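Colleague: After the structure tokens below, expect a handful of questions from me.
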Amino acid sequence: MYDNKFLPKLSHNLLEILEDNEFYDITIEVGNEPYVKISRTHMDWMEQNFNLLYKTSFENNSFMELRNFCTELMSKEPEKIFNSIDFISLSENCLISLIQHDNFQISDIQVWERILKWGIAQNPELSSDPNFHLNNIA
């Protein structure tokens, strides 16, 4: 269906979009003069990689704005974190903090399904088949 030139071209186009200084959403400035590092990124990427950002925000006190961004996202739009690609990698403390906000734009059932997915990912020896668990209870 696709020739072998399609994926390299797609990858190249994606990198161009992510490196595009004209259309970035977020500017992150880290450090003190004269050692300031400015990073420009796209909000969607930050939301999808929330766990990486959250962990990084605690690595150094100069990342306080990044930490504030994460905390604000958790309180205002927690469903974005539930939908992030690295949701199952969240720490237990982060997940508990997220659940405590309780202002989800998704149903309680969807929240519960994601929490179960997280729990199974933390305990790979458990089966993800719900019938397996029901049979063991009875």
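The values are calculated or read from the model by the stated rules, or taken from the named source; none is laboratory data. Quantities reported herein were computed from a predicted structural model and do not represent experimental measurements. As a convention, Cβ positions derive from the backbone with ideal geometry for all residues, glycine included, and neighbour counts pool all protein chains shown.
Colleague: Only one of Phe58, Phe63 is under 28 Å from Leu116 (Cβ atoms), at pLDDT 70 or above and either within 12 Å of the chain's Cα centre (by Cα) or of a type outside the set (Val, Ile, Thr) (or both); which?
Modeller: Of Phe58, Phe63, the one residue that is under 28 Å from Leu116 (Cβ atoms), at pLDDT 70 or above and either within 12 Å of the chain's Cα centre (by Cα) or of a type outside the set (Val, Ile, Thr) (or both) is Phe58.
Colleague: Let me ask you something else. Look at Lys80 and say whether it is at pLDDT below 85 and of a type in the set (D, E, K, R).
Modeller: yes
Colleague: Do you know which of the residues in the stretch 50-75 that are in contact (Cβ under 8 Å) with a residue 24 or more places away in the chain and among the charged types (D, E, K, R) is nearest to Ser107 (Cα to Cα)?
Modeller: Lys55
Colleague: In addition: Any chance you could count how many residues in the stretch 85-132 are among the hydroxyl-bearing types (Ser, Thr, Tyr) and at pLDDT below 85? First the steps, then the outcome.
Modeller: Just the residues of the stretch 85-132 that are among the hydroxyl-bearing types (Ser, Thr, Tyr), to begin with: 89, 91, 97, 107, 127-128.
Those left that are additionally at pLDDT below 85: 97, 107, 127-128.
The number of residues fulfilling the criteria is 4.
Colleague: Right, another one. Can you pull out every residue in the stretch 88-119 that is touching a Leu at 6+ places or on another chain (Cβ under 9 Å) and surrounded by 15 or more Cβ atoms within 10 Å (Cβ to Cβ)? Give the derivation first.
Modeller: Within the stretch 88-119, the subset touching a Leu at 6+ places or on another chain (Cβ under 9 Å) is 89-90, 98, 115, 118-119.
Within the stretch 88-119, Ser89, Leu90, Leu98, Ile115, Trp118 qualify.
Colleague: Say we look at the stretch 19-55 and pick out the residues that are at pLDDT below 70, within 17 Å of the chain's Cα centre (by Cα) and part of a loop (DSSP other than H, G, I, E, B); which of these is surrounded by the most Cβ atoms within 10 Å (Cβ to Cβ)?
Modeller: That would be His42.
Colleague: Contact list please: Cβ distance under 6 Å, first residue in the stretch 109-122 and closer than 18 Å to Asn51 by Cβ, second residue surrounded by 14 or more Cβ atoms within 10 Å (Cβ to Cβ), pairs at least six apart or on different chains.
Modeller: Here the result reads Val111/Phe104; Arg114/Phe82; Trp118/Ile88; Ala121/Ile88, each pair linking the stretch 109-122 to a residue that is surrounded by 14 or more Cβ atoms within 10 Å (Cβ to Cβ).
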